[in-house]
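Asks: Sharing a structure, written as structure tokens. Questions coming.
Quick note: the coordinates plus some simple rules give every number you see, no bench work behind them. All of these numbers come straight from a predicted model, not from anything done at the bench. Note: ideal-geometry Cβ built from the backbone for every residue, glycine included; neighbour counts use all protein chains shown.
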Amino acid sequence: MINMSEEILKSNFKEYYQTGLESLKNKHYNSAANEFFKAFITLCDIAIYRKLKILPEDHGDRFTILKINFPEIYKTDIYLFDIYRKTYKLKLGADEVKKIQNGVVKIAKLLGIETNL
């Protein structure tokens, strides 16, 4: 049986991912990047929850947990976080957004979570 917390995380993932797809389709690249990154972070939290039965408090906490327990996911997280942070001051293009989306798909596949929404 799936724990209620994981169900909530999966629901949030689906919402973020779908909104990312819609924003990408409409060429709202910064919005798409934001939503795809939130989807990615939610997947990280699912991985953490499955293994440790805890949820991170913030990005710093998440980075530490990932670095220790999920080094491959951590490397992807740091890479995508750097792209995502560009949205604070710059306009992203479709290629950068696709990198974040591809990271989401990669981690979702590892976790057995559907991305063909």
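Asks: Sketch the reach of a paramagnetic label on Leu55 as a point 7 Å from Cα along Cα-to-Cβ, and name the residues of region 18-42 whose backbone nitrogen lies under 12 Å away.
Replies: Once the point is set 7 Å along Cα→Cβ of Leu55, 42 turn out to lie under 12 Å by backbone N, inside region 18-42.
Asks: Continuing with this model, one more query. Test of understanding: extend the Cα→C-beta vector of Tyr79 to 7 Å, then name every residue of region 99-117 with backbone N under 14 Å from that spot.
Replies: 99-108
Asks: Still on this structure: Select from region 18-63 those trypsin sites (Lys or Arg not before Pro) which occupy a DSSP coil region and have at most 14 other Cβ atoms within 10 Å, ordered by residue number.
Replies: Details: sites: Lys25, Lys27, Lys38, Arg50, Lys51, Lys53, Arg62; in loops: Lys27, Lys53.
Sparse-neighbourhood loop trypsin sites (Lys or Arg not before Pro): Lys27, Lys53.
Asks: Let me check I have the definition right: for region 4-111, take the eigenvalues of the Cα gyration tensor, multiply each by 5, take square roots. What are those semi-axes in whole Å, largest first?
Replies: Details: eigenvalues 104, 47, 24 Å².
Working from the Cα gyration tensor, I get semi-axes of 23, 15, 11 Å.
Asks: Taking the dipole about the Cα centre of region 4-111, with the C-beta of Lys and Arg at +1 and of Asp and Glu at -1, give me whichever of Pro71, Thr42, Val97 is farthest to the positive side.
Replies: Most positive-ward Cα: Val97.
Asks: Considering only Asn102, Asn26, Asn34, give the residue with the highest GNM mean-square fluctuation for the chain, with springs between Cα atoms whenever their separation is below 10 Å.
Replies: Comparing Asn102, Asn26, Asn34 in a Gaussian network model of the chain, the most mobile one is Asn26.
Asks: Next question, about the same structure. Charges at C-beta only: +1 for Lys and Arg, -1 for Asp and Glu. How large is the resulting dipole of the chain about its Cα centre, in Debye rounded to 20? Don't skip to the end; give the middle numbers.
Replies: Details: 19 positive and 15 negative charges, 68 e Å.
Magnitude of the dipole: close to 320 debye.
Asks: Sticking with this one: Using the number of other C-beta atoms within 10 angstrom as an exposure proxy, rank His28, His59 with the fewest first. Intermediate results must be reported in sequence, preceding the final value.
Replies: Values: His28 16, His59 12.
Least to most surrounded, the residues fall as His59, His28.
Asks: Work through the residues other than Lys99 whose Cβ is under 12 Å from its Cβ and net out their charges, Lys, Arg +1 and Asp, Glu -1. Spell out each step's value before the answer.
Replies: Details: positive: Lys86, Lys98, Lys106; negative: Asp82, Asp95, Glu96.
Local net charge: 0.
Asks: Among Glu72, Glu96, Glu22, determine the one that fluctuates most according to a GNM of the chain built with springs between C-alpha atoms less than 10 Å apart.
Replies: Taking springs between Cα atoms under 10 Å, the residue moving most is Glu72.
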